[in-house]
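This report concerns only the one structure given below.
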């Protein structure tokens, strides 16, 4: 660092433009272990090219097989990711920079020094991970914009029942089954059961948008239930984690989460209704480029930040922002401008999810996976049946109850958080952890095509035809 | 790290979703020095909110004062940056996390532990810096799309003369002036003279687009000359740096740069013309969302990568990609989809440039600045006159020669690279370095309003009215 930092200070003292160490190899220290920003940019560009190729190839194949394109993103991600081609791998403990094809390419074509490979790998991974998080934030913002607040409120009670039953049914069945069928101890059984409660709002919402069913009755019930499920999931996780750690449940923390979630969502909607006329009037007076988009992003990012800060999730804030702005007269115009931004950022999220998926846990040739595979089969059954049952709690006639249940199936990233916390706290054995991970993978990859089957005929113009 | 890494492995083994340490404070190690991804996301969201506020406030004020909005981005950046409010500061040697308002906010509202502040600060800075680099890449892609290859070729010889004179005139005057007027030794004088040769294509191109003059004759000459100037700048830097380091000029390296730049630009344009019908046919068959935008970004990012890898610049690759795609029948449609992406990312670049500008070097109360100020006044004069003279080399009648010269004035980030390399190699004294930095700041901030004055009446619909 010593030699380079003088240049860095001088450079970044005023403006920062990072082509210094490449154009002047003479001045770059060969023992340099800091990542050069220009090379990180180059690595990010290569990673994005890989992501977009994977997304487009996967999506185009899926759409021709009458499968949802988002499944193409996920499968495309698996192919370019850690499981197969290793074009897109992420810096984690135990993963060497040499395993990344992008880092190897930077070394062979762009003059990356081996000494700086680890730092560059770390920075490039981090930037792509954050871009993928921005992608899911933009996705939920777009879903919020497309959702109807009135419909969500109208179907709110039904969505609440679906969410609650969809949490209790798989949790109870899973926990009791593990205890009585597999002789699992209580705490691991509770943890695995808790992992069954999650719903990945991102995947379901994307599929609903793709098949043009987002604004259908079933679509709005699923979205409402998935949002509530996200909040319930956070609460369940807090309860279970506190149980494991202290053997007790911290009631104050649980109450805090429930109250803050309620105050946040209701507060945003009420405040939004009150302030939106002023907002629209203000935006109409802006004369610089992109007034709608930028002011919309400001609101989305502020609410995402608050969502994250009060220990809910950033994506809940983005969804709430979209919901509120979706009620204003600028909704149509704003949505049109959000679409290209979503086209650019959302695939990053899904491809990264696929790329980080290690299919190694599914390999039955590995002995330690076998016990996990049997438990996994049980968990997958419970995961699917538990959510389908939740769908059938809707008593209203002319409702596609099966579709609602299927829509709640994908556990996605939320289920994995349970596996991760469980492993970190020592509550989950290795085979049980592998089983939970398998359950998450299967439910996530199986839901998109199933959802397409149960919604037979599209009733609205599908999203992909508008692009 | 020890306690957290187990959870990290398990989590990122399959999917990565970063709300773990916030929702489960019980499990987060308080001595943890790694940055938590969820908090980095939160910090990035806050930084983006600051950037968009600065850009919109600055831009709206400027447009009402009949100044170019991009000046608002720069000034807005200065106000929120290291010089004034410190809402947006960047991790560099000597800058503590506590000086960042965003990091302080994360600590007080989102539960960031002091031990992890430095790592979070570093990651957040890095992500914003990379986003700003993506911003300038998208900007040059958009400028390329809007430019006319035919016009650029038509005005190519004139642009080449402007570029060459615009490099030689300030270099010779600056170097000789420093030697004879200020008794500067040879090497520092050559270095400071070299810093005078740069042109910031980003700032001028943005202003030209804003006042609707990008596709005018003058606009295309400026863009052509600025692109050539960028290449010349890289060559001059290589020559000067090799001179300082070895006292000699590495001819092979210089030849490599000239040949690779020529082969790259000519090759991209020829290959582009040959391949673009196949590309258009392919894109027309894509059925998933955003086919034009994503395939366009793939091309832009690949060429940006190649530009960076062969020791030119990423932005040259992006410009070439835009130029080639701008010749196809999908130009109009693609440009419409690039606009929102540019609206989102481009302001990040300009606000970050402003935020990193340390106005401290302009303070005459600091004794060490005074000598620099006098030299700076001389350098600024040379910087402006040298480029204006270059504009007057155009012999064609009915050409706004003054505008062409003014368009070449802003040194922007390229000039700073010279200052940085000069400081790192020990070639520039402290006062000379401060003088170069002042020259860069002044030319960068003064050019946008001047450019607006010399192009009196807009001949085309200004860009901001289309947003």
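The values are calculated or read from the model by the stated rules, or taken from the named source; none is laboratory data. All figures in this text were calculated on a predicted structure; none of them were measured in a lab. We place every Cβ from the backbone using ideal geometry, glycine too, and count neighbours over all the protein chains shown.
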Next item on the list: Go through (1) surrounded by 24 or more Cβ atoms within 10 Å (Cβ to Cβ); (2) at the interface with chain A (Cβ under 9 Å from one of its Cβ atoms); (3) touching a residue at least 24 places away in the same chain (Cβ under 8 Å) one by one and return the number of the condition residue B:320 breaks.
Entry: (2)
Notebook entry, point to check: Among the residues of the range B:441-467, how many are part of a helix (DSSP H, G or I), away from chain A (no Cβ under 13 Å) and at pLDDT below 85?
Noted result: 0
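Residue A:316: in the same structural domain as residue A:153 (by TED's automatic domain parsing) and at pLDDT 95 or above, yes or no?
Criteria not met by residue A:316.
Assess whether residue A:372 counts as being assigned to a helix (DSSP H, G or I), under 16 Å from residue A:163 (Cβ atoms) and out of contact with any strand residue (DSSP E or B) (no Cβ under 9 Å at 6 or more places or on another chain). I'd like the intermediate steps shown before the answer.
Details: assigned to a helix (DSSP H, G or I): yes; under 16 Å from residue A:163 (Cβ atoms): no; out of contact with any strand residue (DSSP E or B) (no Cβ under 9 Å at 6 or more places or on another chain): yes.
So residue A:372 does not fit the description; no.
If I filter the range A:407-417 down to residues being within 10 Å of chain B (Cβ to nearest Cβ) and part of a helix (DSSP H, G or I), which single residue comes out as surrounded by the fewest Cβ atoms within 10 Å (Cβ to Cβ)? Full working, then the answer.
As a first pass, look at the range A:407-417 and keep what is within 10 Å of chain B (Cβ to nearest Cβ): A:411-417.
Now drop any that are not part of a helix (DSSP H, G or I), which leaves A:412-417.
Values: A:412: 26, A:413: 24, A:414: 26, A:415: 29, A:416: 30, A:417: 28.
Top of the filtered list is A:413.
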Notebook entry, point to check: Taking into account only those residues within the range B:425-440 that are surrounded by fewer than 24 Cβ atoms within 10 Å (Cβ to Cβ) and assigned to a helix (DSSP H, G or I), which is nearest to the other protein chains (Cβ to nearest Cβ)?
Noted result: B:425
Next item on the list: Test residue A:77 against the stated conditions and say whether it is within 9 Å of chain B (Cβ to nearest Cβ) and buried (at least 24 other Cβ atoms within 10 Å of the Cβ).
Entry: no
Margin query: I'd like the full set of residues that are free of Cβ contacts under 8 Å to residues at least 12 places away in the same chain and crowded, with 17+ Cβ neighbours inside 10 Å, limited to the range B:126-166.
Written below: B:130
Item checked: Residue satisfying all of: in the range B:107-125; facing chain A (nearest Cβ under 8 Å) and in a helix (DSSP H, G or I); surrounded by the most Cβ atoms within 10 Å (Cβ to Cβ) among these -> B:123
Next item on the list: Find the residue count for the range B:21-54, including only residues that are at the interface with chain A (Cβ under 7 Å from one of its Cβ atoms) and modelled with pLDDT of 90 or more.
Entry: 10
Notebook entry, point to check: Counting just the residues of the range A:56-66 that are more than 7 Å from chain B (Cβ to nearest Cβ) and surrounded by 20 or more Cβ atoms within 10 Å (Cβ to Cβ), which one comes out nearest to residue A:79 (Cα to Cα)?
Noted result: A:58
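Table: residues versus (1) touching a helix residue (DSSP H, G or I) at 6+ places or on another chain (Cβ under 9 Å); (2) surrounded by 24 or more Cβ atoms within 10 Å (Cβ to Cβ); (3) away from every other protein chain (no Cβ under 12 Å).
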position: A:203; (1), (2), (3): yes, yes, no
position: A:208; (1), (2), (3): yes, yes, yes
position: A:212; (1), (2), (3): yes, no, yes
position: A:223; (1), (2), (3): yes, yes, yes
position: A:253; (1), (2), (3): yes, no, no
position: A:278; (1), (2), (3): no, no, yes
position: A:295; (1), (2), (3): yes, no, no
position: A:300; (1), (2), (3): yes, yes, no
Check: Yes or no: residue A:308 modelled with pLDDT under 95, more than 10 Å from chain B (Cβ to nearest Cβ) and part of a helix (DSSP H, G or I)?
Finding: no
Margin query: So, residue A:90, is that one at the interface with chain B (Cβ under 10 Å from one of its Cβ atoms), surrounded by fewer than 24 Cβ atoms within 10 Å (Cβ to Cβ) and at pLDDT 95 or above or not?
Written below: no
